[in-house]
Amino acid sequence: VSRRPLVAANWKMHGTVTSVQAYLEGLVERVAIAGPEVVVCPPFTLLPAAALIATGSAVAVGAQNCHWEENGAFTGEVAPAMLAELGVRWVIVGHSERRQYFGESDATAGARARAAQHAGLDVIFCVGETLAQREAGETLAVLERQSTALEGLDPAHLALAYEPVWAIGTGRTATTAQAQEAHVALRRRAAELLGGAAAAGLRILYGGSVKPDNAAALLAEADVDGALVGGASLDLEGFCAIILGALGERRGAKE
Ligand code: 13P
């Protein structure tokens, strides 16, 4: 099974129309069709400007969240079809910051992911343990519980992101061995839920203080198929360096 690396930028709550335009114009020029798949996820307000520049290029645009209903009285929410209409291809679902600050649960994350796929979007589904959970030896149990939401999703329009909460925005990265161990467990879990063939083809991204200087080593692990990059993705040069790191020794695809 060959898995094309996927590198996604999660801008979180950063950026302006001017900055996203300059960034995407630069990125589109530098990203090759043959290399890793590249996705940029800016805040909702920047999606129209981003999609306009990315359409027809090797760069795809993603949102950072979506609601599970198609429309209705849900003040402040955005439906997946509204994103698709803009030319948005991907959506991040279940990010730990949503879980931590905005009441996201396994159930709501699962509902968002199903609705997103139903609207034709590809989903980056996030899982990951807190520091307390890791120290209590609960990491694999937490990942197993969180990934239950994958059941019933279409694996052809899915990527999984392992983001240990203690590594997000802290400058503290999981070791390559810690990442590989979690990814192997997640792939085993995905096989139970989605079938062996689907799990073998599923991209599992690592996220948590990915930087230009650690990306290549993380991505060299057999089951690390890409990166979900927060802070370091805000700088175009840094993000391009991470994409180059994802090219790795095998130039584009893992066997
Ligand atoms: P940092 O790369 O800033 O640690 O953020 C990771 C993340 O949460 C990506 O979704």
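Each reported figure results from applying straightforward, stated rules to the coordinates on display, with no laboratory input. In this text, all values refer to a predicted model and were calculated from it rather than measured experimentally. Glycine gets a Cβ as well: all are built from the backbone with ideal geometry, and neighbour counts include every protein chain shown.
Worth a mention:
- Pairwise centroid distance, computed over Cα atoms, of segment 160-211 with segment 79-120, Å: 19
- For segment 117-255, the Stokes-Einstein estimate of translational diffusion at 37 °C and a viscosity of 0.692 mPa s comes to 216 µm²/s, using the Kirkwood hydrodynamic radius over alpha-carbon pairs.
- Between 150, 52, 219, the residue with the greatest mean-square fluctuation in the GNM of the chain (Cα pairs under 10 Å linked by springs) is 52.
- Build a GNM of the chain with springs between Cα atoms under 10 Å apart, and of 130, 176, 45 the one that fluctuates most is 45.
- For residue 241, the shell of other residues with beta-carbons less than 12 Å away shows a net charge of -1, using +1 for Lys and Arg and -1 for Asp and Glu.
- Built amide H within the under 5 Å cut-off of residue 122, gap 5+: 90, 91
- Computed over the chain, Kirkwood Rh from alpha-carbon pairs, angstrom: 17.9
- Ordering 27, 162, 119 by Cα displacement along the dipole of the chain toward the positive end leaves 27 in first place; charges were set at the Cβ atoms of Lys, Arg (+1) and Asp, Glu (-1).
- Proximity of backbone amide H atoms, modeled 1.01 Å from N, is registered between residue 40 and 9, 60, 61, 62 at under 5 Å, excluding neighbours fewer than 5 places apart on the same chain.
- If only the Cβ of Lys and Arg carry +1 and only the Cβ of Asp and Glu carry -1, the dipole of the chain around its Cα centre is close to 260 debye.
- Counted over the chain, the DSSP beta bridges are approximately 5% antiparallel.
- You can think of it this way: the chain between residue 191 and residue 217 has 6.8 nm of extra reach, that is 0.36 nm per residue less the Cα-Cα gap.
- Lys, Arg +1 and Asp, Glu -1 on Cβ, resulting dipole of segment 83-138 about Cα centre, debye, nearest 20: 180
- Segment 130-158-segment 18-55 distance, computed between alpha-carbon centres (Å): 29
- Here segment 29-165 is treated with +1 on each Lys and Arg Cβ and -1 on each Asp and Glu Cβ, and its dipole about the Cα centre works out to around 220 debye.
- FRET E, pair residue 29, residue 176, Förster distance 25 Å, beta-carbon r, rounded to 0.05: 0.20
- Highest-MSF residue in the chain out of 200, 177, 190 [GNM, Cα springs under 10 Å]: 177
- Longest site-free stretch - the chain; sites: trypsin sites (Lys or Arg not before Pro), DSSP loop, at most 14 other Cβ within 10 Å: 1-171
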